Structures are given as structure tokens and as C-alpha cells.
1. Measure out, as a whole number of angstrom, how far apart the alpha-carbon centroids of region 198-233 and region 248-313 sit.
2. How big is the equivalent ellipsoid of region 199-345 along its three axes, where each semi-axis is √(5λ) from the Cα gyration tensor, reported in whole Å from largest to smallest?
3. Would you calculate the convex hull of the Cα atoms in region 158-203 and tell me its volume per residue in Å³?
4. Two-decimal Rg/Rh of region 90-221 from alpha-carbon positions, Kirkwood Rh?
5. Over region 308-367, with a single point scatterer placed on each C-alpha, what log10 of the ratio I(q)/I(0) does the Debye formula yield at q = 0.21 1/Å?
6. Kindly provide the helix-only [θ] at 222 nm of the chain, computed as the sum of -39,500 (n - 2.57) over DSSP H runs of four or more divided by all residues, to the nearest 500 deg cm²/dmol?
7. Taking every pair of alpha-carbon atoms in the chain, what share in percent sits in each 10 Å bin, from 0 to the bin with the longest distance?
8. What order do you get for 188-196, 287-295 when each peptide is scored by the mean count of other beta carbon atoms within 10 Å, highest first?
Amino acid sequence: MAYGSASIDTFNTSTGQTFSPASGSATMKNRIINGAMVIDQRNAGASVTQGTSSVYDVDRWYGIGGITSKFTMQQSSTVPAGFTNSLKVTSSSAFTVGSGDAYILAQAIEGYNIADLNWGTANAKTVTLSFWVQSSLTGTFGGALINNTWLAATRSYPFSYTISSANTWTQINITITGDTAGTWTTTNGVGMNVVFGLGVGSSYSNTAGAWASGDYISSTGAVSVVGTSGATFYITGVQLEQGSVASAFDYRHYGVELALCQRYAYVWSTSAIAVAIGSGFQYNTGSAFYAVTFPVTMRSAPTLNSVTASNWNNIYQGGQQTTTSVLIDASGPSSATLVVSQSSSVGYSNILWSGTTSANMQFVAEL
């Protein structure tokens, strides 16, 4: 653009992309959200333990495995040049992975954000996956791109990469020819999962470098991080882009990255008392209703997680009281109605605010 001209970028909360009228194209080059691991709404840097269902550490990144507590995850400041955060995985024991076992770190990409790749058609486009990685272990590591959630994929592209020096940052670039077969969701469901194997058995492993029909999430013979007690694995700068060459990392503005993450999880938290989350009214002698509006349109109507009712106070005419439960009565992608168990006079106008410095609500619409 010539000096002195102007452009207006608009953020589409339905698709999670930024659009530039000047160029006529979406500027979300990187299909990965929070690839630099800077957003951590849920945990604020605290360590979390992997479970048998998806456990999220930094936003959009989850760990999962067949047996709980085989590794922990935590936002880290150990980084290569040009980054401020990474995601650190630490093995909790020396665990021998069986043929039907799998332990992974992954991100699910919404179908809207891969629709233009035309996968599953003759016009499928090539992509390049790039990232920075460091481990206390060396050898050949594995991962995969799959067309659904783990245990439900029917198309897989296992890949491998090498870490030659322990505890040394290495940049990896992997070019992947677009898949002309299979079914790839292009709406608001799971379009793709980008998976990094941390210990994957033979049943879920296959030859690297080719598309396969089946559920394969790593390459055959890859290093098992969970196989060594205390082993570490760091990753950052993860980028998936169209084309056969890795370009510079798409480091988006913090506010844009946060908004992209909030499409899937909106975490309301405060370190102060008497901060309001919503206003409402006393419906009957036992229940009050409050309206909460989300900062961006979420992927779908969210669920409500991680609420401790005693952290909240109801403020009404003439007094206040600690709540006994907080639930979603109804929700949509843009707002929710909370129902709170409490007793005050019917018809009072009320405010729901933080009663402690650890008040927290998590509205979740993850893939």
C-alpha cells in the first residue's frame, strides 16, 4: 500500500478470520490459533495434568491419553529467538506405551478455517506445517494431520521430524500434499486435528509421508516422551499455511489472538472483589436470572465450566448474599442467561459480582 493511504481490517466472529478490503483476502495465513502459546486464559501459567479426555493448557492446545497423569503441560518462557512463550510437556513417569496406547498434544482446527484448501477433492491444496521444538530426548519424533478427532479419523497423514541435539531449539518444516480423498468438514465442526505424538503405540502409527485411510496419529517407531521419567518437550511457533514453502511466523496482535481464542473459550476472571459479570432480576424466592454477553461470537452455544458458587455474591435492594449455585439456564453463541440459586424479594433488580479474588467462569465451545 502506498504511503498515506488507509485500510480497514474487519474481524469476522462467525469464521474467526480477519478480512482486509484492500487486498480482498483473509489475512489469517496461519490456520493454527495461538501457535506462539501466548494466550493462557484457563491456567494463567499454572501446570495442568493430562487426562483421558481433552485437558487444555494454553488456549486451543489440549493433551490426552489412554491413562491419566502420564504428562503435565505448562506455558513456559523457554523460547527460541523471536518468541516469548512456548508450551512445555513433562513426562510424569517412565511409562511403556502399549500397542493400543496413545499420548498426544494437539489442536483441532474448525472446518471454516480449512474450507479453502479443498481437501477431499481433486483440487486439494498443498500445505506446510512449521514449528520450533526442543526436547531433552533426541531421535525421530512423530505426529499427524487427521480429518477428525482422535479415535474417529478416517484419513491421516503421519509425519516425522528429527531432533538431533538435546535441549536445543530446532525449526521444523514439513510440506504436505493436499488430500484428494476422504471427508473433510468445512463448517463449524472439526475440520482437522494437528497432532504431535508424545508416545503412540503401533495400532495408531503408520509410515510417515503419505496419506492413509485410517486413524494414525504418529509415524512408526517415533520417540516416546512419556517413556522417560522427567523428559521434557517444548514447542512454539506452530504454523499451518497454504503452499509448499514455510514463511515467517504469522505473529498476530495480542488482541486479535485473544479474540480468536475466545471463539472457543471465554474465561471471565478477576483478582478483585465486587466486579460485576452481569445484571438481572429475582424471578422467584429461590432463583435469580442474569444476562452475560460474550466479547466475540462463540463457535456454538457454550457450556459453563469451573464455577465455585461461593465465589459470587448477589447484590440486591437492601443487601447481598453469597450464592449457592450458578448454572446456565440458556445460551447461544453471543450470550447466555445464568440462573443463580439465592433468596430475595421477587422482582428485585440484582447484580452478580465477584465475592472473592478468585471468582472465575469458563464458557466453553471447544471443538
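The values are calculated or read from the model by the stated rules, or taken from the named source; none is laboratory data. Predicted, not measured: the structure shown is a model, and the values here were computed from it. In this analysis, Cβ positions are derived from the backbone assuming ideal geometry, glycine residues included, and neighbour counts consider all displayed protein chains. In case anyone asks, the SASA skips ligands and DNA or RNA and just uses the protein heavy atoms, side chains included. Shrake-Rupley method; radii C 1.70, N 1.55, O 1.52, S 1.80 Å.
1. Their Cα centres are 37 Å away from one another.
2. 46, 20, 16
3. Taking the convex hull of the Cα positions in region 158-203, it is 156 Å³ per residue.
4. Here the Rg-to-Rh quotient is 0.98.
5. -0.88
6. -500 deg cm²/dmol
7. All Cα pairs, binned at 10 Å, distribute as 5, 22, 29, 22, 13, 6, 1 percent.
8. 188-196, 287-295
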